[in-house]
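Below is one structure, written out as structure tokens; comments come after it.
What follows draws every value from the coordinates through simple rules; no lab data is involved. Predicted model, so just to flag it, every value in this text is computed and none were measured. Ideal geometry is used to build each Cβ from the backbone, glycine not excepted, and the neighbour counts take in all protein chains shown.
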């Protein structure tokens, strides 16, 4: 265990109060907890690279924490009618497909590998901004209402990057597995 892993665990734990406050329609504390959790994503990666403390546990915990935060938040937003259900289903389906693909990849290659790519990281970052803007749009103070014009741009950009990342992961996994078979 190291600092980046503790930060990832902290992000997982912050998901629970985020969802609690969100489902209670208490958008101010939900936004605060979500924002801290989203910012912690940048922190754990920064400390892992800075201190050269990238671990196998961290390679699993960091993406799991991101996925847990995003899937849970978009599920709650969909349940509240703040986000279309199909958006949650698209996010969940992509993450489920990645999990199944990862399990198959690990079974075929006998390796435990999680290699994030640019598109996946960018999609996650945009989804976090989208969730944050959606929460801020429900904030009681008028200046935050300005975020509502960003939501469609963030939504469709995120979905495009999610699709690109999914196909990229599938392509990378197939190439790697084929190269491994040739050795």
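Treating r as the C-beta distance of residue 172 and residue 49 and R0 as 22 Å, the FRET efficiency rounds to 0.55.
The listed peptides 124-137, 49-62, 5-18, ordered by packing as a protection proxy, come out as 124-137, 5-18, 49-62 (highest mean of other Cβ atoms within 10 Å first).
Protection proxy ranking for 97-110, 21-34, 79-92, using the average of other Cβ atoms within 10 Å per residue and placing the highest first: 21-34, 79-92, 97-110. Summarised in one figure, the compactness ratio Rg/Rh of segment 24-91, Cα atoms and Kirkwood Rh, is 1.08. Computed per residue of the chain from DSSP H runs no shorter than four, each worth -39500 (n - 2.57), the mean residue ellipticity at 222 nm is -28500 deg cm²/dmol. For the chain, the fraction of C-alpha pairs more than 28 angstrom apart is 27%. The Cα-based radius of gyration of segment 10-59, divided by its Kirkwood radius, gives an Rg/Rh of 1.13. With Cα atoms defining each centre, segment 3-52 and segment 70-123 are spaced 18 Å apart in the structure. The Rg/Rh ratio of segment 50-139, with both radii computed over alpha carbons and Rh defined as the Kirkwood radius, is 1.03. Model label points for residue 150 and residue 60, set 7 angstrom from Cα along the Cα-to-Cβ axis, are 3.5 nm apart.
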